[in-house]
Amino acid sequence: MFPVNCYVLWDDTLEAVIIDPGCFNNKEKESLKNFICGNKLVPKHLLNTHLHLDHIFGDAFISKEFNLTVEAHQADEFWIQEAPKQSRMFGFEWEEAPAPLGHYLHDGDVITFGQTSLEAIHVPGHSPGSLVYYCRSEHCMFSGDVLFQGSIGRADLAGGNFDELKEGICSRLFTLPNQTIVYPGHGAPTTIGIEKAENPFFRS
């Protein structure tokens, strides 16, 4: 129903993080669990780029299975309370209550697992608490719904701001190296260099 890119990151230590487990049904939840267990990964963090309902469907399941707390920006916390009402607008009911936000992340926070670090970059505009997770050592980022291949996130939902989103992308993301790979919340990956040159939202 809601195609979302969920990312599982790990290194040689087998410690891992899970980003945006948007598992809508039991088959998707079990598939994610089996992937983690099948690769003998040890999840250390459950991260959300933001808390729109399509990105948090699997939070409660993953939280219980691996004894993790949900980590995201506090400015998006209101979306957890809104999720059941939002789901009814799409014609379905949540099977269980959305997982609470257990740990607040802030701009500049560093999330570590194994020998790897992710830096949280706050880029509001799609939602007030949108975070991008940047892995400097691997030259990549996980942009959620902030930046896509050839597009940017919508800004017409509660707390959205189009001008703030564009400014944040320019000042916080486009200042990173051109070769930085962008793994978005939906669709195919791209690079910072390509988006600076070709994204129609930034072409004059």
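Just so you know, all these numbers are worked out from the coordinates, no wet-lab data involved. Please read all numbers here as calculations on a predicted model, not as lab measurements. Methodologically, a virtual Cβ is constructed for each residue, glycine included, from the backbone with ideal geometry; neighbour enumeration extends over all protein chains shown.
Taking the residues in the range 141-153 that are of a type outside the set (Ser, Thr, Tyr) and over 19 Å from residue 71 (Cβ atoms) as candidates, determine which candidate is surrounded by the fewest Cβ atoms within 10 Å (Cβ to Cβ).
Among those residues, the one meeting the criterion is 150.
Residues are listed down the side, and each one gets a yes or a no for (1) among the β-branched types (Val, Ile, Thr); (2) closer than 21 Å to residue 5 by Cα; (3) in contact with a His (Cβ under 9 Å, 6 or more places away or on another chain); (4) in a strand (DSSP E or B):
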| site | (1), (2), (3), (4) |
| --- | --- |
| 165 | no, yes, yes, no |
| 171 | no, no, no, no |
| 177 | no, no, yes, no |
| 182 | yes, yes, no, yes |
| 188 | no, yes, no, no |
| 201 | no, no, no, no |
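Can you tell which of 185, 125, 102 is surrounded by fewer than 15 Cβ atoms within 10 Å (Cβ to Cβ) and closer than 20 Å to residue 71 by Cα?
Exactly one residue qualifies, and that residue is 102.
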In the range 124-143, the residues that are within 20 Å of residue 164 (Cα to Cα), polar (S, T, N, Q) and part of a loop (DSSP other than H, G, I, E, B): 127, 130
Looking for whichever is in contact with a helix residue (DSSP H, G or I) (Cβ under 9 Å, 6 or more places away or on another chain) and of a type in the set (D, E, K, R) here; the options are 77, 96. Which one fits? 96
If I filter the range 154-176 for residues that are of a type in the set (Ser, Thr, Tyr), buried (at least 17 other Cβ atoms within 10 Å of the Cβ) and closer than 18 Å to residue 139 by Cβ, do I get at least one hit? no
Considering only residues of the range 38-93 that are surrounded by fewer than 16 Cβ atoms within 10 Å (Cβ to Cβ) and of a type in the set (Lys, Arg), which is nearest to residue 130 (Cα to Cα)? 85
List every residue pair whose Cβ atoms sit under 9 Å apart, with the two residues 6 or more apart in sequence or on different chains, where the first one lies in the range 143-170 and is more than 16 Å from residue 193 (Cβ to Cβ) and free of Cβ contacts under 8 Å to residues at least 12 places away in the same chain and the second, anywhere, is assigned to a helix (DSSP H, G or I) and not acidic (Asp, Glu). 156/162
Check whether at least one residue in the range 22-38 is touching a residue at least 60 places away in the same chain (Cβ under 8 Å), of a type in the set (A, V, I, L, M, F, W, C), more than 22 Å from residue 167 (Cα to Cα) and touching a helix residue (DSSP H, G or I) at 6+ places or on another chain (Cβ under 9 Å), and report yes or no. no
If you scan the range 1-21, which residues turn out to be closer than 15 Å to residue 65 by Cβ and either crowded, with 17+ Cβ neighbours inside 10 Å or touching a residue at least 60 places away in the same chain (Cβ under 8 Å) (or both)? 6, 16, 17, 18, 21
